[in-house]
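The values are calculated or read from the model by the stated rules, or taken from the named source; none is laboratory data. If you're wondering where the values come from, they're calculated on a predicted model, not measured in any experiment. Because the Cβ atoms are built from the backbone with ideal geometry, glycine has one as well, and the counts that use them run over all protein chains shown. Quick note on the areas: whole protein, heavy atoms, side chains included, nothing else; ligands and nucleic acids left out. Shrake-Rupley method; radii C 1.70, N 1.55, O 1.52, S 1.80 Å.
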Amino acid sequence: MNINIRKAGAATILDLDGPLRLGEAEESLRSAIQHLLDSGTTHVAVNLSGVTALDSSGIGALVRTFTTLKRAGRKCTFFAPSRQVMMPLKMVRLDTVLDLVEDEATALAAI
């Protein structure tokens, strides 16, 4: 998985590209989030449009991202989930827990 980090106003956007599964992809996301926390980032928006597959470890990584940022008093929004991402999230009812929006503009407007 490739993670591109960019700024958009007050938000930092993580563009995820590739499968989010157990192993390197999960660790890369965790590392990127820790780096953002350490640098004092307060608003994170995660672009899920490039995620091609999601397993239970990937779901756990998204939940961990959300809770880690929330506990640190930061804001986390996920946007543009593909069908491959949205289906498993709905199956475990995380679509009602995670802050999920349709597109980048909506995510940035919420910040």
**Asked** Limited to region 68-80, what total is found for residues that are in contact with a strand residue (DSSP E or B) (Cβ under 9 Å, 6 or more places away or on another chain) and within 19 Å of Arg30 (Cα to Cα)?
**Response** 9
**Matching residues in region 69-94 - criterion: being farther than 18 Å from Asp15 by Cβ, surrounded by fewer than 16 Cβ atoms within 10 Å (Cβ to Cβ) and not basic (Lys, Arg)** = Ala72, Gly73, Met87, Met91, Val92
**Request:** Kindly establish whether Thr96 is of a type in the set (Ser, Thr, Tyr) and modelled with pLDDT of 95 or more.
**Result:** no
**Item:** Pick from region 1-60, criterion acidic (Asp, Glu) and under 19 Å from Pro81 (Cα atoms), ranking: most open to solvent (accessible area, probe 1.4 Å)
**Value:** Asp17
**Asked** Just wondering, is there one or more residues in region 58-70 that are farther than 12 Å from Ala107 by Cα and over 13 Å from the mean Cα position of the chain (by Cα)?
**Response** no
**Message:** With the structure loaded, tell me whether Ser82 is farther than 14 Å from Ile5 by Cβ and either within 13 Å of the chain's Cα centre (by Cα) or among the charged types (D, E, K, R) (or both) or whether it fails that test.
**Reply:** yes
**Request:** Pick out, from region 1-87, the strands (runs of 3 or more DSSP E) lying fully within it that include 3 or more residues that are within 18 Å of Val101 (Cα to Cα) and in contact (Cβ under 8 Å) with a residue 24 or more places away in the chain.
**Result:** 11-20, 43-54, 75-79
**Request:** Mind listing whichever residues of region 95-109 are open to solvent by 50 Å² or more (accessible area, probe 1.4 Å) and assigned to a loop (DSSP other than H, G, I, E, B)?
**Result:** Val97, Glu102, Asp103
**Asked** Give me the pairs: first residue in region 97-110 and on the phi < 0 side of the Ramachandran plot and free of Cβ contacts under 8 Å to residues at least 60 places away in the same chain, second residue in a loop (DSSP other than H, G, I, E, B) and of a type in the set (Gly, Ala, Ser), beta-carbon distance under 8 Å, and six or more apart or on different chains, which are they?
**Response** Asp99/Ala110; Val101/Ala110; Glu102/Ala80; Asp103/Ala80
